[in-house]
Amino acid sequence: MNKFISSIHDYFSPDLSWIPQQTIPQVTHVEKPLSHLLSGKLFLPYELPEESLSFINAHFTKVPAIEKHWWGYRCRRCGNQKKYLFAYMPCGDQGKKCLYCRKCIVMGRVSECTPLYLFVPSVQWEKVKEACVWKGRLTSFQADAAEKINEVMAKGSARLLVWAVCGAGKTEMIFPGLATAFAQGKRVCLATPRTDVVRELLPRFESAFPNVKIQALFGDSPVKQADAQFILATTHQLLRFARAFDVMVIDEVDAFPYHADVSLPFATRRAAKETAGIIYLTATPRPKQLKEIDSKKLPTVFVPRRFHGHPLPVPSFVGCFNLRSSLKQERLPEKVKAWLDKRGVVTRQLLIFVPTISDAALVERLLHATFSSITAVHASDPDRKEKIELFRNKVYEVLVTTTILERGVTFPSVDVIILDSGHTVFDQAALVQIAGRAGRSPTDPHGEVVFFHQGKTDAMEGAVEMIKRMNKRGRKIVDALH
Amino acid sequence: MHCINCHEVFMQQTFWSNLFLPDKRNPVCDDCRNKLIFLTEPVCPKCCRPMDKPDLCLDCQSWGGNSDILNKNISIFSYNQAIKDIINRWKYRGDYLLGKVFQYELARVFNQHYKNLEAVAIPIPLSKERMLERGFNQAESLAGFLDIPMVHALTRIHSEKQSKKSRTERVTAQNPFRLTRSVISPVILVDDIYTTGTTIRHAASLLKEAGVKEVYALTLIRS
């Protein structure tokens, strides 16, 4: 009976006891770089480096890649347990059939007859004293959170959610904690669902921690082998790791696809050591995380003010009930036109969010008469990077965009409007993030945020409420300080 | 039902045949299906290459026109990014199930052109090494979709991947096949891609030498 209950439990929260216990391996001086390169990873038989076979025979563990349960199968690499993502294929000459996982097939096929090779020792990493050379100062809001992060990273075996508003300076807050971790000789991973965030963070960390070896891993990254003490990676890359990291930081934990793809949290859990300290960073927690915060299961620290100390701009709603029909007739809605006229000539640039790619092209065309320097971007635009760069350099006055620019980008001084903010692509998190694009610079901490809509949605009201709540929380702390 | 290519849920159009259970022969959603481009007339009557008018293409003329060892090749799809992605995941990444994307169309085209031949299907083989690496032969799984007997009459000697070679290297390459058993009935060679036609003709020449009267080919893609 107990077995039955535990197997049901296993369905909902995968058991990782197939990973061998972590021991300190007997490694010679010559083998040390090799142990750094191979530690904490899963290998397919053909991925093993042939030249180090003796090391592999001595230290590696072989486990079946697919688990069988009475409720079905689970892939041990990606955690997939959906029946339609498994299939049979012929195996050998005897007409035998063999189950394989279709979900993680792009990383090499995992099947019933291919074992996974693991090497999960507690390899000693270098103890780097005073690794952080960043000379900036944290604000009192940041310092409070930084202290808590430091504690979790130093002690381990704990989780912490950092709920910091857009533009709070999340990256700087983890610097002191990282310095402590490196001084203790810990291995650290900062993972995020988005490739462009990894790309952007690498130079910042390299200049702050020049004495620590840092590698960035993403789909088409130049670096493939991970043997650095500090790994920056997309969450997909964690599918290759097991019990590798003493400290795990997950940035933008609410971003796509992390919250939608169950294999990513699974991989994160496996990639962290059992004694790891895990930090989640987010500006817009999903309902699942909010529930954990409310039930006090997940310790949380709030950073309700931006680093420049000003509150977040609160979006205003403008009802515009002929919005869709006007756009269909290739006219700019009256209310939008009126708002643009009222805005007049300002120094701020204008960022316009629209729900679909075709809307982006249409709005760009409609506004061409009003603004001379205007352009539009979307996810599959080949010139996306260049256009964003040109907008940042103020070559363009107006940028029309789909939700791709909702997070991770900073423009110093913009007004933000959304056309058709009631559309389903703008969920609450997206709206808060979009509103957070305005007023990010200390020299211009205010910016206008306007939602043009055809009827308010729960997401819109929820977003405004979330922003107001954070501002209120921030005001309280400011008042307490004075 | 989940589309086997994009994994999204989709609804099949309802017929009497799938009123109670989804039709497993057609497990691809319309979005994915519409990304595949069918070859349309006019094509070269010999090799199915898209042409301005239905004349013999230059390649087929240089293969010898009417004295060509290959009687005819029928292809189904033209080469585009979508089919390239599917083939890539199916053949190189090894997602065996994806072959089913083509099952329905392959059977349909077979019935349209080759039904009354009373032929046997011979899949273009992989070398032992390649077979071990991939775990399955894509041509064999295509041949398995046809309603005629399959004969393993050829073996292949290991060489560099076809897709890594240039055109001249391909056309002048040595015959990599060996015949392992004799065949009398007409033959349909089955493969995934027809590019220069050299591979198919290498196999066809061995069969012709061994006395097979008619050699046809059925390939998925004409690139």
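Exactly one residue out of A:Leu34, A:Leu44 is farther than 27 Å from B:Glu8 by Cβ, among the hydrophobic types (A, V, I, L, M, F, W, C), in contact with a helix residue (DSSP H, G or I) (Cβ under 7 Å, 6 or more places away or on another chain) and modelled with pLDDT of 85 or more: that is A:Leu34.
In region B:15-33, is there at least one residue being within 14 Å of chain A (Cβ to nearest Cβ), open to solvent by 30 Å² or more (accessible area, probe 1.4 Å), at positive phi and assigned to a loop (DSSP other than H, G, I, E, B)? The answer is no; no qualifying residue exists. Report yes if A:Ala145 is under 17 Å from A:Ile250 (Cβ atoms), within 17 Å of the chain's Cα centre (by Cα) and small (Gly, Ala, Ser), otherwise no. When the stated conditions are applied, A:Ala145 does not pass them. Exactly one residue among B:Ile83, B:Ile69 is of a type in the set (A, V, I, L, M, F, W, C), open to solvent by 50 Å² or more (accessible area, probe 1.4 Å) and touching a residue at least 60 places away in the same chain (Cβ under 8 Å), and that residue is B:Ile69. Filtering A:Leu178, A:Leu161 for residues that are within 26 Å of A:Gly436 (Cβ to Cβ) and either in a helix (DSSP H, G or I) or not assigned by TED's automatic domain parsing to the domain that holds A:Ala255 (or both) leaves a single hit, A:Leu178. Checking each residue in region A:63-103 for being free of Cβ contacts under 8 Å to residues at least 40 places away in the same chain and of a type in the set (A, V, I, L, M) picks out A:Leu85, A:Ala87, A:Met89, A:Leu99. Does A:Cys113 count as within 14 Å of chain B (Cβ to nearest Cβ) and open to solvent by less than 40 Å² (accessible area, probe 1.4 Å)? Judged against the criteria, A:Cys113 is not a match.
Which of the residues spanning region A:253-278 are open to solvent by less than 10 Å² (accessible area, probe 1.4 Å), aliphatic (A, V, I, L, M) and out of contact with any helix residue (DSSP H, G or I) (no Cβ under 6 Å at 6 or more places or on another chain)? Of everything in region A:253-278, those that are open to solvent by less than 10 Å² (accessible area, probe 1.4 Å), aliphatic (A, V, I, L, M) and out of contact with any helix residue (DSSP H, G or I) (no Cβ under 6 Å at 6 or more places or on another chain) turn out to be A:Val253, A:Ala255, A:Ala272, A:Ala276.
Just to be sure I understand the filter: pairs with C-beta atoms under 9 Å, separated by 6 or more residues or on different chains, first member in region B:132-149 and in contact (Cβ under 8 Å) with a residue 60 or more places away in the chain and under 13 Å from B:Ile122 (Cα atoms), second member polar (S, T, N, Q) and surrounded by fewer than 16 Cβ atoms within 10 Å (Cβ to Cβ). Which pairs pass? Matching pairs, first to second residue: none at all. Of everything in region A:106-140 that is assigned to a loop (DSSP other than H, G, I, E, B) and polar (S, T, N, Q), the residue that is nearest to A:His29 (Cα to Cα) is A:Gln124. Find the strands (runs of 3 or more DSSP E) located wholly in region A:1-105 whose residues include 3 or more that are within 21 Å of A:Ala226 (Cα to Cα) and away from every other protein chain (no Cβ under 14 Å), and list them. Counting at least 3 such residues, we get A:41-43.
The values are calculated or read from the model by the stated rules, or taken from the named source; none is laboratory data. Only a predicted model underlies this, so the values are computations on that prediction, with no experimental measurement involved. Counting neighbours? That spans all protein chains shown, and the Cβs are built from the backbone with ideal geometry, glycine included. Protein only, heavy atoms only, side chains kept; ligands, DNA and RNA dropped before computing areas. Shrake-Rupley method; radii C 1.70, N 1.55, O 1.52, S 1.80 Å.
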